[in-house]
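Bear in mind these aren't lab numbers, they're just calculated from the coordinates by the rules spelled out. No experiment lies behind these values; they were computed from the predicted model shown. Quick reminder, even Gly has a Cβ in these numbers, built from the backbone with ideal geometry, and neighbours come from all protein chains shown.
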Amino acid sequence: MFAVLKTGGKQYKVQAGDVLRVEKLAAAAGEKIQFNEILMLGGDKTVVGAPLVDGAAVQADVIDQIKGEKLIKFVKRRRKHSSKRTVGHRQKLTLVRVTDILASGADKSGVKAAIGSGSVSGAAVEAAAPAKKAAPKKAAKAAAPAAEGADDLKKLSGVGPALEKKLLEAGVTTFAQIAAWGEAEIAEFDEKLSFKGRIEREGWVEQAKELAK
């Protein structure tokens, strides 16, 4: 019986006893692992996956973590200020020995799945999913103070959504608060919120007194 498995972006045709060099896996020497991406099973009966064979797996023992042959990359740029660069690379690999080919029951075997050391596991993808949904909630929370008894501060001259947000974050939520500002408060908020004289220039205090009536 043989199987065609996929790992590290490559396909391998294997049978029990074969020794393979595959892209580095997150497993230590001596561990037993299981390849769950099986594209085809062959033997007395051939089963082709669509794209994977449901319930099939290939189990193997990790022999060692090794490196492939050194590859030399030489780059030369022919320009006025020419440059040369030589880079060597040895691909990290995992040496495994195939022990069993399972036609079914892979999910109940209890053997650790073979996962690439640089890949993202399914659990990581699921953990990231709630984070994508959290953004609208955060935005809703940020907008909440404006909806809970706060005045529409955008009615003040020169105040847009960005300035209104700054005021709300500083605890200023009503026209009555602004109407009560004196010189000290105006100077404080000018400096704290980088308004650069806008409060007096736009006449917020006088406007707020009218809007608060």
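Quick notes
- In straight-distance terms, cross-link reach from Lys24 covers every one of the aspartates and glutamates whose alpha-carbon lies under 18 Å from its own, apart from those fewer than eight places away in the same chain; here that gives Glu37, Asp61, Asp64, Glu69.
- Charge dipole magnitude, Cβ of K and R +1, D and E -1 - region 40-87, Cα centre, debye nearest 20: 1360
- Proximal lysines relative to Lys213, as straight alpha-carbon distance under 22 Å, when same-chain residues fewer than 8 apart are discounted: Lys154, Lys155
- Unit charges at the beta carbon, dipole of region 2-119: most positive-side option, Phe74, Ile115, Gly105: Phe74
- Net +/- balance of residues flanking Lys192 in space, Cβ distance below 11 Å, scoring K and R +1, D and E -1: -4
- Each of Ile63, Gln91, Ala27 was placed along the dipole of region 2-119 (beta-carbon charges, centred on the mean Cα), and the one lying farthest toward the positive end is Gln91.
- Residues Asp44, Asp151, Asp190, Asp64 in ascending order of nearby Cβ atoms (within 10 Å, fewest first): Asp44, Asp64, Asp190, Asp151.
- Global form of region 2-119, assessed from the alpha-carbon gyration tensor, a/c cut-off 1.5: prolate
- The distance linking region 161-213 with region 16-89 is 64 Å (Cα centroid to Cα centroid, whole angstrom).
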